[in-house]
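Participant: My structure is below; once you've seen it, I'll send some questions.
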Amino acid sequence: MPFALREMTPPAALRHLLAAIAIGLFLGFLGPFGSYPALGTLERYMFWSGLSLLGALCIAATVRALKSTPRFARLGPPFRIATIALASAIPMTFATAWLLSQVQPGRIVTIAGLPSLYAAVASVQLMLAILIGRSSEVELPNPAPAEPRKSRPDFAMRIPLHLGGELIAIECEDHYLRVHTKLGSDLILCRLADALNELGEADGRRVHRSWWVADDAVVGVDKEGGRSFLRLTNGLRVPVSKTYLPSIREWRRVSLPAA
């Protein structure tokens, strides 16, 4: 959605100014809130044009305040426009109430009357936000992408909720698999072949007929009696079969005994 979030170029600032004045002239023509009989023609147009300019400033301030909010950045354009209009209408409601009391002596907007005034002001702010948005050449960044995360293979749906989703290793135990994560381990009913198929291109690999490990879970290699073991972040020592030594050597770029 277009809105000035960095310093606007003069043409863009001029278009914002013209958009606000256009709304002000429209409101001056309508003369809402009893301003038609209370003000002369020139005064009425000047009053509403000035108020629209103030509304545009409130919109710019609201965008600047919300632009770094992740939840706001993830909203679609229509919802961002609505959010900006509703938020900027809050200070504008009080400003409008005060200014109306200045041009119409004796008029007081009570607390009970604020909701209806807010609704009216919000509708004006919405029109102003849409018009400013369409007239601007600077765009609000697209919804912020989610933080990079590991692929979510089908196997992730099998991991018990209490273990979280940071998979470290999978160990075969008869017809069950022991799933190891940073939060612990637990058994699930699944064949290793099915698990490997569901993991697909996940960041890990098979290192033994009974083991699969995540790439970033390996912290070192132990050699013991001609055998090799991978040390994992959770303290596990996983055996490496001779069948998988060549790929493991290339993968981790560590010194492993020859097959």
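The values are calculated or read from the model by the stated rules, or taken from the named source; none is laboratory data. Remember, predicted model here, so these are calculated numbers, not experimental data. Neighbour counts run over all protein chains shown; Cβ positions are idealised from the backbone, glycine included. Accessible surface areas use protein heavy atoms only, side chains included; no ligands, DNA or RNA. Shrake-Rupley method; radii C 1.70, N 1.55, O 1.52, S 1.80 Å.
Participant: Using a 1.4 Å probe and counting only protein heavy atoms, arrange Phe47, Phe26 so the residue with the most accessible area comes first.
Facilitator: Descending order: Phe26, Phe47.
Participant: Continuing with this model, one more query. Skipping prolines and chain starts, which residues have an amide H placed within reach, meaning under 5 Å, of the one on Ser228, given they are 5 or more residues away or on another chain?
Facilitator: Residues meeting the criterion, in which the H sits 1.01 Å from N, are Val240.
Participant: Per 0.36 nm of contour for each residue apart, how much would the distance between Leu161 and Ser185 grow if the chain were fully extended, relative to their Cα-Cα spacing?
Facilitator: Separation in residues times 0.36 nm, less the Cα-Cα distance, equals 7.5 nm.
Participant: Follow-up. Taking H placed 1.01 Å from N in the peptide plane, check which residues at least 5 places from Arg74 or on another chain put their amide H under 5 Å from its amide H.
Facilitator: Ala144
Participant: Between beta-carbons, use under 9 Å as the cut-off and find the net charge around Val238, counting Lys and Arg +1, Asp and Glu -1.
Facilitator: Net charge around Val238: +1.
Participant: Hey, what D do you get for segment 178-241 in µm²/s if you plug the Kirkwood alpha-carbon radius into Stokes-Einstein at 37 °C and 0.692 mPa s?
Facilitator: My calculation gives 261 µm²/s for D.
Participant: Follow-up question, since we're still on this one. Which ³J(HN,Hα) values, rounded to whole Hz and listed in residue order, are derived for segment 185-194 from phi using the Karplus coefficients 6.51, -1.76 and 1.60 in 6.51 cos²θ - 1.76 cosθ + 1.60 with θ = phi - 60°, glycine and proline given as x?
Facilitator: Computed from phi, the couplings for segment 185-194 are 8, 6, 8, 10, 8, 5, 8, 4, 4, 5 Hz.
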